[in-house]
Amino acid sequence: MNIDRTTMLDKVKKETDFWDIVIIGGGATGLGAAVDASSRGYKTLLLEQHDFAKGTSSRSTKLVHGGVRYLQQGNVALVLEALRERGLLIQNAPHLVKNQSFIVPNYDWWEGPFYGIGMKVYDMLAGKLGIGKSKNLSREKTLELLPTIESEGLKGGVIYYDGQFDDSRLAINLAQTAMDHGGYTINYAKVTGLIKTNDAVSGVKAQDQLTGEEFEVNARAVVNATGVFTDDILEMDDSDAQDIIVPSQGVHIMLDKDFLPGDSAIMVPHTEDGRVLFAVPWHDKILVGTTDTPVESPSLEPMALEEEVDFILDHAKQYLTGNPTRDDIQSVFAGLRPLVSPSGSKDTADISRDHTLLVSLSGLVTIAGGKWTTYRKMAEDTIDKAATVAGLNEQDCITEDLRIHGWLKNVDREEHLHYYGSDKVAVEKIIENNPELGERLHKRLPYLKAEVIWAVRNEMAVTVEDVLSRRMRALLLDAKASIEMAPEVARLMAEEAGHDKQWQEKQVEEYKSIANRYIFN
Ligand SMILES: Cc1cc2nc3c(=O)[nH]c(=O)nc-3n(C[C@H](O)[C@H](O)[C@H](O)COP(=O)(O)OP(=O)(O)OC[C@H]3O[C@@H](n4cnc5c(N)ncnc54)[C@H](O)[C@@H]3O)c2cc1C
């Protein structure tokens, strides 16, 4: 990004009447909307209360997928749309999305033919955007591809393909894409109220979370893309508004790669509570999850429950010969699905995973639900609607073929810095200028000191947690190692941004208290 946060905020405070569209929320949904609106040429401002992707969008299973589970439920339209979006995302962000093989292990005679046919339908629905043909595997081949799978009773497997990505890295790249097209995306800027003119929403009141300063911005359209916090904004619009969000918590645990060596992931299509469970290689570790637990109220740091972790471990033990225990968990993280239930039903397993677009009487446009995979289509629908509601000049959506910031084909995924895509050379330049910055921050993780400098300079990282959790993924990969990295990250950030010793100490303390929540043994 070539404009820094302070410069953007100064302009926002000065030019209050400049904006066509203000978007509230900097997760997948809001950032997607910012990319869509700015690339159509609308003057676009996005305000995020914390850091980009601090909410649900950094806590997913990291799959770009059609959703085999929705196929089981017969929701063909949703699967079709998601498979198409999967294809577009692989095309538009090849540096961050890769093709991942999944194997459904079969222990009953009927599972091979049953899941084999199901996956053929999945392939067929993907059409020309398909990324690999599914097939049935013998018991021997299954064991060759999944050497640590429980072999007792194993009959064979079904292999199929989906996409896999790094969620918060994509979020940062989306913010950069919006900015590349002239949009402004500002983190640590919380919307505290809506401005209305003749009962129509005409802007927002906001507060800079770093300085406490309040400001107001007028806009022709206002979009509410606040995920599990959607109801808070709806309430700012109408104090009698009915709640529509039923948050549902999903937990993941991170294990050492030895528990599942090789390239293939495991997909368990039916757990004891009827869910789908994944064990997926990710950044040289194994990500296992997830759960579906209704929660009362939204939070930015949801906490995994003991029973959720036990549920995941119990299933992991059934399928993995290494029998992982709590001691093997390197990090636990929880995320909240922003499920929409306009009817008020609280049965989260039954609520549609489709997205919902609402226009309030005031003209406030609300977008919620959906999946990371479908963020682009959600954004297209949202900006179409916002443009109509606000009477903006009609501009066609161009994101189907729009390259996302960092776009680079055929990246070498064995190279640590590959996820920067076309920015990788610039990160390497930092090391060239100061070879000391080529050193690792921790012996158990591959992250380099130069990445801290890059994150502050180019990716709007403000806190140690922004760097360790969402620019790098250290917090999710190995929470204890990330705590050990924090003092050096704080020192490098302070040097780059001109903070004092006190700032560093406070940052490290704050980071520790967050990261301790990810340690479960
Ligand atoms: C456990 C789990 C696993 C998942 N796995 C997958 C998967 O593998 N693949 C997939 O495609 N999808 C997956 N999903 C779904 C996907 O992660 C979500 O649909 C998506 O991230 C939601 O994004 P969002 O932008 O709507 O919400 P969020 O990411 O929560 O963003 C909303 C943002 O709004 C901000 N905000 C709130 N109030 C204000 C305010 N007043 N002012 C300014 N900002 C505000 C919040 O801070 C937050 O950053 C998963 C979800 C969960 C929970």
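The values are calculated or read from the model by the stated rules, or taken from the named source; none is laboratory data. No experiment lies behind these values; they were computed from the predicted model shown. A quick note on method: Cβ atoms are made from the backbone with ideal geometry, for glycine too, and the neighbour counts reach across all protein chains shown. Quick note on the areas: whole protein, heavy atoms, side chains included, nothing else; ligands and nucleic acids left out. Shrake-Rupley method; radii C 1.70, N 1.55, O 1.52, S 1.80 Å.
For the range 122-178, count the residues as N, evaluate 2.2 N^0.38 Å, and divide the Cα radius of gyration by that value, please.
Dividing the Cα radius of gyration by 2.2 N^0.38 Å gives 1.67.
On the accessible surface of the range 213-279, probed at 1.4 Å, how many percent belong to carbon and sulfur atoms?
So the carbon and sulfur contribution to the accessible surface is 40 percent.
I'm a student and want to see the number: the projected area of the Cα convex hull of the range 215-272, averaged over all directions, in nm².
Over all viewing directions, the range 215-272 projects a mean Cα-hull area of 9.1 nm².
Per the 1.4 Å probe, what fraction of the accessible area of the range 357-438, in percent, lies on carbon and sulfur atoms?
Accessible surface attributable to carbon and sulfur in the range 357-438 totals 45 percent.
Just the number, please: Stokes-Einstein D of the range 292-414 in µm²/s, Kirkwood Rh from C-alpha pairs, 37 °C, 0.692 mPa s.
175
Which value, in debye to the nearest 20, gives the size of the charge dipole of the chain about its Cα centre, when Lys and Arg are +1 and Asp and Glu are -1 at the Cβ?
Using Cβ point charges on Lys, Arg, Asp and Glu, the chain gives about 1220 debye.
GluC sites (Glu not before Pro) within the range 171-279: which are DSSP loop residues with at most 14 other Cβ atoms inside 10 Å?
E213, E272
Please compute the length gained on full extension between D232 and K98, using 0.36 nm multiplied by the number of residues separating them and subtracting their Cα-Cα distance.
So the chain would gain 44.6 nm between D232 and K98.
With an 8 Å cut-off on Cα pairs and a minimum separation of 6 or more residues, tell me the relative contact order of the chain in percent.
Dividing the mean separation by the residue count of the chain yields 19 percent.
Where in the chain are the DSSP H helices whose alpha-carbon span along the long axis reaches 18 Å or more and whose Kyte-Doolittle mean is at least -1.0?
Taking the DSSP H segments of the chain (at least 18 Å long, mean hydropathy at least -1.0), we get 76-92, 111-126, 167-180, 306-319, 375-390, 479-497.
Viscosity 1.002 mPa s, temperature 20 °C: Stokes-Einstein D of the range 43-155 from its Kirkwood Cα radius, in µm² per second?
It comes out at roughly 129 µm²/s.
From the C-alpha gyration tensor of the range 190-241, pull out the three semi-axes of the equivalent ellipsoid (sqrt of 5λ each), sorted largest to smallest, in whole Å.
Taking √(5λ) for each eigenvalue gives 18, 15, 9 Å, largest first.
Report the normalised scattering of the range 390-521 as log10 I(q)/I(0) at q = 0.15 Å⁻¹, calculated by the Debye formula with identical scatterers on the alpha carbons.
-0.75
In whole Hz, with x marking every Gly and Pro, tabulate ³J(HN,Hα) for the range 356-361 from phi via Karplus 6.51 cos²θ - 1.76 cosθ + 1.60, θ = phi - 60°.
Values, residue by residue: 10, 10, 10, 10, 6, 4 Hz.
Let me know the Kirkwood hydrodynamic radius for the range 222-358, please, with Cα pairs as the basis and the value in Å to one decimal.
By the Kirkwood definition, the hydrodynamic radius is 16.4 Å.
In nm, to one decimal, how far is the E15 label point from the N393 one, both placed 7 Å along Cα→Cβ?
Using points 7 Å along Cα→Cβ, the separation is 1.5 nm.
Probe of 1.4 angstrom, ligands and nucleic acids ignored: what's the accessible area per residue over the chain, in square angstrom?
With all protein chains present, the chain gives 40 Å² per residue.
Report the dimensions of the range 354-438 along its three principal axes from the alpha-carbon atoms, largest first, rounded to Å.
Over the range 354-438, Cα extents along the principal axes are 58, 27, 24 Å.
In 5 Å bins starting at zero, report the fraction of Cα pairs in the range 443-506 per bin as a rounded %.
Distribution as computed: 4, 20, 34, 24, 14, 3 percent.
Tally Lys/Arg at +1 and Asp/Glu at -1 over every other residue whose Cβ is under 10 Å from the Cβ of V332; what's the total?
For residues surrounding V332, the net value is +1.
Obtain the nm distance between the two label points defined at K155 and D401 by a simple spin-label model: each point lies 7 Å from its Cα along the Cα-to-C-beta direction.
The modelled label-to-label distance comes out at 4.7 nm.
Ordered by residue, what ³J(HN,Hα) values in Hz, to whole numbers, does the range 323-328 give under the Karplus form 6.51 cos²θ - 1.76 cosθ + 1.60, where θ = phi - 60° and Gly and Pro are x?
6, x, 10, 4, 5, 8
Could you please state how large a percent of the accessible area of the range 108-179 is carbon and sulfur, counting protein chains only and using a 1.4 Å probe?
The nonpolar share, carbon plus sulfur, comes to 61 percent.
Any chance you could list P(r) for the range 88-234, counting all Cα-Cα pairs in 5 angstrom bins from zero, rounded to whole %?
Per 5 Å bin, starting at zero, the Cα-Cα P(r) for the range 88-234 comes out as 2, 8, 11, 12, 11, 9, 9, 8, 8, 8, 7, 5, 3, 0, 0 percent.
Take every Cα pair under 8 Å in the range 375-429 that's 6+ residues apart, average their separations, divide by the length, and report that relative contact order as a whole percent.
23
Run the Debye formula on the Cα coordinates of the range 175-303, all scatterers equal and no solvent, and tell me log10 I(q)/I(0) at q = 0.19 1/Å.
Log10 I(q)/I(0), no solvent term: -1.11.
Which whole-number value in Å³ per residue fits the convex hull of the alpha carbons of the chain?
138
Report the one residue of H418, S341, H355 whose Cα lies farthest in the direction of the positive end of the charge dipole of the range 317-441 (charges on C-beta: Lys and Arg +1, Asp and Glu -1; origin at the Cα centre).
S341
How high is the relative contact order of the range 54-133, in percent, with contacts defined as C-alpha pairs under 8 Å that are six or more residues apart?
Computed over the range 54-133, the figure is 30 percent.
Residue separation times 0.36 nm, minus the C-alpha to C-alpha distance between E301 and T211: what's the value?
30.2 nm
Translational diffusion coefficient, Stokes-Einstein: compute it for the range 8-106 using the Kirkwood radius over C-alpha pairs as Rh, at 20 °C and 1.002 mPa s, and state it as an integer in µm² s⁻¹.
132
Provide the FRET efficiency to the nearest 0.05 for the K257-T6 pair, computing r from the beta carbons and using R0 = 45 Å.
After rounding to 0.05, the efficiency reads 0.65.
Please work out the C-alpha center-to-center distance from the range 457-494 to the range 35-112 and express it in whole Å.
Distance between centres, Cα-based: 26 Å.
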